[in-house]
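Accompanying notes for the structure given below.
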Amino acid sequence: MPTIILLDVSLSMSRPVISSDSIENHTRSSIAVAAINSFLDYLSVHAKLEYVALVSFSSVHDVAVPFTRDFDSIRTKLPQIEEGDKTCIDSALLGVNQLVMNEWGHQTPIQIILITDGSSGVGAIGRNRIIQSLPLPTLYPVKIHILPIVSPHDPCLQHAMPLYQKIIDQATVTANNSNGTISRGSIYCPEQLSVSSVIAAMTRLCEQHYQEFWCSLKCGQLEARVQLFPAPQTVSHESLTATYTLSNQLHIIGFVQQQDLGTPIAISKHLVIPQAQINNNTSGRENYGSKTPTKDGSTTENITTEEEMSDPSKIPNFCVLLHGALKVEGMSAIILLGTEWWGTLSAWCEASRARRSCLLLSVLKPGVSAAPWLGPLDQLGPPEEGSAPTEVFPVRAWRSYSGGGGSGSTWARPHALLADVQKVLRHARKLPDKTQHLYKELNRLRRSAISLGFSELLTCVSTALERECSALPSNAPPECALQLAHAIAALRDPRTAFDIKHTLQPIAANITLTSMSH
Amino acid sequence: MNSLFPVNHKTIFVLDHTPYFGISSEYPIDFDVSKGRGTGQVPLPPICKSLWTCSVEAAVEYCRIVWDLFPESKLVKFVVSDSVAHILNTWAALQQNLTHVLNGLCLVGPVRRGAGGDVVGLCAAIEALGEASPEQISRTSTDRHFQNRGRIICITSARDDDSIRSLAEIALNTLIQQNKKASIVQPNSSRDSPNATPQLLVTHYCHLIIINVTPEKAETRVNNQQLTEMGGGLMGVEVIVSRASALASLLGRLVLPHYKLSTTTVTGIPMKEEQNASSSANYDVEIVHSIDAHAGLRASQTAAEAAESVVLRWWTPRGAEGGAGGCTGPLWRVTPADVASRPSACLVNFLLNGRSVTLEVPRKGGGRSASHVLAAQGGELWIGALGGRTTYDDPPALSEGAGGRVTDYRIKEFGALMQQNKLHPLRGAGSNARARSRLQRHTTYWPLTISSTLIFNLGSVMEPLTRLVVQESLTDEEVDQCRSVLLSLLSMESRHEFPAAQLPSNLRGKSSGRREEQWRQVWGELEALLRAYSNSSAHRTLLRVLLECRAHNNHGADGESRATVIRATTDSPLSPVGAGNGSASSASGDVWAPRNVLDALLGAPRPARRLDFAGRMAAGNRVAILYPQLQQDVETQH
């Protein structure tokens, strides 16, 4: 999750910290800088791909460093930040909202680390006013952590605590998105006002919220240890009955063509980054060949394998093979994530960087219907040996707009009713060529009219047909008048017209014609 | 658990089928649109729908939207009320579709004379609320504490506010009575036979909407009533007065808050006219979908704008579009608000034919920003929101990560494995598990790189052994095929061929090493392969054949005498001892496969001009024993 460090630079932050034993002189600001540096240190080891932005605020806010993975740029910027006047959390959050919406939109979860000095800067009335005007909940899912650089016994903190709690609660109050809610943040109070305990509080924060996620990707007996980035979150949503947490084993169950897969309903996407195998007991599997070294070749071979062992990029990794094959075949892997929970794994590359491709895991909406065109996901399987599968992708759904003849459900708007009647009349004018069409449309019309109890329509249509009959040109084939008269009579006969089981049939034209010719 | 079954999980329409509903809506629809067809014609009279027709088509339209967008878990039931309550469908999934309801309506037929009223239907509807839906039945065993809620939409016509009030009170009383019954009956019925009778649940909340329908000009003494709670929050009653002609649009409006839906107007859709195909006019189509699809637009909306249909402009696609693939977030189903209109049909067909449409927020100042994508998948329409960058952009290069610099992965072979492990939509449980066990079997022995294997690089020489061995079981015929592969390898070795000679030229250099060494590797690998698959008896047979072959290979000098005899008859006297292997006793015919001239010269059976003593050949450098078989025969007889 992209992170915003929201740093208080109000005047009160530059108060010196009185400590008994310290040689160095610290202010609250300098402690904050130390805490941020330790945060960045943690990230550069555990979450190198995280985006971090630095926003400083007092009564105005300033995006000191926009979102970046270059943590050094934040480190160099930190000493240059100028101090401001007073703490205004509400306007700072407003600025943060703007920054996030412009950069990440409303679908990306964000973490905010608010570093302040434990005083809200206002009295009780002012505090209530701030609570009222907090721009929370946000449109994007967000988790706010607060790191107050203050002694836990400071009376200021007692005043500020309700405000902090409110900020944290409100941030996650209604995550309006359908991606589900994310867990809430917390307040990380240092045990005392010193560099070491603030850094300890920051470390606690990091360990709880910036943990890298490891798991193993399994394809039958082939296996690779991978890191997922961003780390997947536990999924819970109002429409779900349970919460879903990703297990540490991802099982490939099979493969589908990319075009069959389409775009399933995903709730999050993660890079799958292969990691060096740590335990060497499985690596023997990849080195069948070197099991039979010869006397003369053994020494040199061992040296090279040891060399290769030290460089993980030269040890064969299943992920790289899988990626290559998925790309070449244009396929995706279907992955079992948990009970009733699936994901897909594809080779993915950004449009702008066509050459740099990677494995991307889409975590699907829990449940069997995350991709209805694949059918229920729990019923995906291999066809019986030797027999062709009975069904193929896509599993088609029929909806009201699917076509193939309207159902009377659409006459609520007059134009639809008119269109259907016009269709009947159009065919009536093109007799005898359109005899079959005329009766087909008439039966359709009848069916809808019967289900809606719309007997008036049938009377009206028979009148209209009568008028068509009278308007027939003199040179029209005699069959036209015959068919029209037949249809009119059928529509007016209550026994046939309103019986849903009855189907209107054209009058047997051939017999009539032959009898007329005599 | 409150959210488990929301109020919109179960909806019941109660349609008044009393004689009053047979009267005309008095809203004439003009039929005579046959313009320019001569003036002499008798004009057709306009027609009016009955109140019944109006209420049926409005209710059906409401259902169309619900079932288009939520094919599962949102249930609608129809109760037609006259002298009795006609229940048109159950909560079962098979009866939750328009065709079923329309068929039921056909059987009910138009309004007839007779007594009856809305009360009987309303009571039946409340009973239906107490019936557990299939989803609720599947839940009750695991946790019985979910809230059973629902909504009743009663389309009727009442004299005045008092009769509406008494109708609501009857409903409330029925509900209270039924809850009493359910709380007593429930433990028994669920214990005895949960499947025999529909399980009765306590209803925790019922949202009752009474729609009072009147013809166009009739006066009514019923007034609108905001949602009011009755029975201590057990029931919420809402009264809406509507003209019959406006009923459809009223329900079309009500469905939005009931299911948290929102509408988008796609504007500026270019369409060719039939009359002048050269130019195209622009049309608008309104679509309905989940309100969540607009989440990203809410920032720039005022409250008033949020209530209206969001207008998004059609972004004429250029070339191949990415479909819904560009969406980073979820997708929602879409249905046109007016399914019968021509522009709707055009847009729907465009999408169903596999194209996708990008939508943009119209901006006055210029500049474009794509906001949504419309696309069809599996015959359904979907909308997804675009926008924002992704957190996983600019990924680290695979080539720099673990295994990134290995260049000889068996990608083509893994592609073949993927093709063999393709998934299909099946019916029945356990499909996933079967797929996994199949993959497990196919990957039992699977070297990742070309350099770590020899046997998989030998191509046609190994066919069909490597292909057949992954099967769950082998037929006798397949075992024979595999055996002949092994035997032909044996004969290759006997002819001093390099196994690497079969490799493509670019690989040949890599597998250096002496010939014996290569053969040892081939046999070693084959043994590992067959041992990995030795789970069926046919596979074990194959493994035994291989072990026999290996035995000759490794200990050719002190092999069985019978094999030696054969070798003695077939090998050239020039060949070094133990190099040629002849063939195993079981399939000696294989040795006579077509050969080149040199092979024929070296390997052809020669007339035994001076046959050497078999015992000496077998003994090698040791002292030959005379008649060893005699000794064996004596032993076996005892």
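A short reminder: the numbers here are calculations on the coordinates, not readings from a lab. The shown structure was predicted, so the numbers you read here are calculated from the model rather than taken from an experiment. Cβ sites come from the backbone with ideal geometry, for glycine too, and all protein chains shown count toward neighbours.
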Handout entry: Ranked A:Met101, A:Met1, criterion: other C-beta atoms within 10 Å, fewest first
Key = A:Met101, A:Met1
Exercise for the section: Please order A:Cys88, B:Cys63 by the number of other Cβ within 10 Å, starting at the fewest. Expected result: A:Cys88, B:Cys63
Handout entry: ³J(HN,Hα) computed for each position of the stretch B:8-15 - Karplus, 6.51 cos²θ - 1.76 cosθ + 1.60, integer Hz, glycine/proline x
Key = 7, 4, 10, 10, 10, 8, 10, 9
Practice task
May I ask you to derive the FRET efficiency for A:Arg15 and A:Ser91 from their Cβ-Cβ distance with R0 = 30 Å, giving the value to the nearest 0.05?
Solution key: 0.85
Problem - Label-to-label distance, nm, for residues given as A:Ser183 and A:Gln132 (7 Å Cα→Cβ offset) - result: 3.6
Practice task
Taking H placed 1.01 Å from N in the peptide plane, check which residues at least 5 places from A:His26 or on another chain put their amide H under 5 Å from its amide H.
Solution key: A:Val17
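Using the crude model of +1 on Lys and Arg Cβ and -1 on Asp and Glu Cβ, and no other charge, please compute the dipole size for the stretch A:408-517 relative to its Cα centre, in debye to 20. Kindly include the intermediate steps, with their values, before the conclusion.
Details: 14 positive and 9 negative charges, 60 e Å.
With Lys and Arg at +1 and Asp and Glu at -1, about 280 debye.
For each pair in A:Lys48/A:Lys86; A:Lys143/A:Lys166; A:Lys440/A:Lys501; A:Lys143/A:Lys218; A:Lys501/B:Lys10; A:Lys501/B:Lys74, compute the distance between the two Cα atoms and list the pairs where it is over 24 Å.
Among A:Lys48/A:Lys86; A:Lys143/A:Lys166; A:Lys440/A:Lys501; A:Lys143/A:Lys218; A:Lys501/B:Lys10; A:Lys501/B:Lys74, the Cα-Cα distance tops 24 Å for A:Lys48/A:Lys86; A:Lys143/A:Lys218; A:Lys501/B:Lys10; A:Lys501/B:Lys74.
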Problem - Gain on full stretching of the segment that runs from A:Thr459 to A:Arg75 - 0.36 nm per residue minus C-alpha separation - result: 129.8 nm
Fill in the blank from the handout: Pseudo-spin-label distance A:Ser402 to B:Glu477, built 7 Å along Cα→Cβ, given in nm, is 4.2
Handout entry: CD proxy at 222 nm, helix term only [per DSSP H run n ≥ 4: -39500 (n - 2.57); per residue of chain A; nearest 500]
Key = -11500 deg cm²/dmol
Handout entry: Pair A:Thr339, A:Arg492: separation of 7 Å Cα→Cβ label points (nm)
Key = 6.9
Practice task
Classify the stretch A:408-517 as rounded, prolate or oblate from the Cα gyration tensor: take a ≥ b ≥ c as the square roots of its eigenvalues, call it rounded if a/c is under 1.5, otherwise prolate when a/b beats b/c and oblate if not.
Solution key: prolate
Handout entry: 31 Å Cα-Cα threshold exceeded, pairs from A:Lys434/B:Lys49; B:Lys49/B:Lys77; A:Lys314/B:Lys412; A:Lys430/B:Lys217
Key = A:Lys430/B:Lys217
Exercise for the section: Kindly put B:Met271, A:Met202 in sequence by how many other C-beta atoms sit within 10 Å of each C-beta, fewest to most. Expected result: B:Met271, A:Met202
